[in-house]
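Let me begin by presenting the structure, written as structure tokens, before commenting on it.
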Amino acid sequence: MTGQVLFTVLVVAVGLERVAELAVSRRNTAWSLARGGVESGRGHYPFMVVLHTGLLAGALVEVWVRRPDAVPVLAWSMLALVAASQALRWWCVLTLGRQWNTRVIVVPGAPRVTGGPYRRLPHPNYAAVVVEGFALPLVHSAWITAAGFTVLNGVLLAVRIRTEDAALARLV
């Protein structure tokens, strides 16, 4: 039971982090739109919200209903990956500054960001999402949630990255 409670605290902490992200995103979205920002991919955004909410809820439901045993070596390694994914995500947010948000909004004339993690990866934030998506549930052996999210997220990211690449191509 203690492991389940600690896992719940972790998932709630990640959920609170997501709320902080949304606050930053809303502020940055308003900034972008006030400068003529053009949004792409509105159609897939609600699916993304449901999927990411489902990751948190699914992990909790699986752990409390299925009651898998946490495997200490897996738990600690996955917790390290969750922490690393959060660090990468916030590095992306800080690097993009006002241009970062949870939507695909491009401000005409704004420079394309190529510093920070974008120096090495074209979409480092999505790398963080992929890692967090399987690692968070696996902290407490919630493999069904990890597998389900990973598959659905792969489908979503195929659409999202294509949309974002097309929007960013307009900057050049």
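All of the numbers you see were taken from the coordinates with simple rules; none came from a lab. Keep in mind that this is a model prediction, so the values were computed, not measured. Cβ atoms come from the backbone with ideal geometry, glycine included; neighbour counts cover every protein chain shown.
Taking θ as phi - 60°, what are the ³J(HN,Hα) couplings along segment 130-135 by the Karplus curve (6.51, -1.76, 1.60), each to the nearest whole Hz, with x for Gly and Pro?
For segment 130-135, the Karplus curve yields 4, 5, 4, x, 9, 6 Hz.
Taking the Cα centre as origin and putting +1 on Lys and Arg beta-carbons and -1 on Asp and Glu beta-carbons, what dipole magnitude results for the chain, to the nearest 20 debye?
For this selection, approximately 580 debye.
Between Ala158 and Trp76, what FRET efficiency follows from the Cβ-Cβ distance if R0 is 25 Å, with the result rounded to 0.05?
Numbers: r = 32 Å, r/R0 = 1.27.
Given R0 = 25 Å and the Cβ-Cβ separation, E is 0.20.
Which one of Ala59, Val82, Val19 has its Cα pushed farthest toward the positive end of the charge dipole of segment 1-110, where Lys and Arg give +1 and Asp and Glu give -1 at the Cβ?
Comparing the listed Cα positions along the dipole, Val19 ranks first.
Measure nothing but the geometry: give the 0 to 90° angle between the long axis through the Cα atoms of 45-66 and the longest principal axis through the Cα atoms of the chain, rounded to 10°.
Once rounded, one gets 10 degrees.
Taking R0 as 25 Å, what's the FRET efficiency between Ala147 and Ala20 from their Cβ-Cβ distance, rounded to 0.05?
Calculated value: 0.35.
Would you compute, from DSSP H runs of 4+ residues alone, the mean residue ellipticity of the chain at 222 nm, taking -39500 (n - 2.57) per run and dividing by the full residue count, rounded to the nearest 500?
-25000 deg cm²/dmol
Counting Lys +1, Arg +1, Asp -1, Glu -1, what net charge surrounds Ser32 among other residues with beta carbon under 12 Å of its beta carbon?
Working: positive: Arg26, Arg27, Arg35, Arg98, Arg103; negative: Glu39.
Surrounding charge for Ser32 is +4.
Taking the beta-carbon count within 10 Å as an exposure proxy, list Phe134, Phe149 from fewest neighbours to most.
Ranked by crowding around the Cβ, least crowded first: Phe134, Phe149.
For Val49 and Val5 in the same chain, what is the full-extension length gain: residue separation times 0.36 nm, less their Cα-Cα distance, in nm? Show your work: numbers first, answer last.
On the way: separation 44, 0.36 × 44 = 15.84 nm, distance 2.51 nm.
Between Val49 and Val5, full extension yields 13.3 nm more.
Relative to the longest principal axis of the C-alpha atoms of the chain, give the angle of the C-alpha long axis of helix 72-96, reported between 0 and 90° and rounded to the nearest 10°.
Between helix and principal axis, roughly 10 degrees.
Relative to the first principal axis of the alpha-carbon coordinates of the chain, what is the inclination of helix 143-169, with its axis defined by its Cα atoms, in degrees from 0 to 90 and to the nearest 10?
That works out to roughly 10 degrees.
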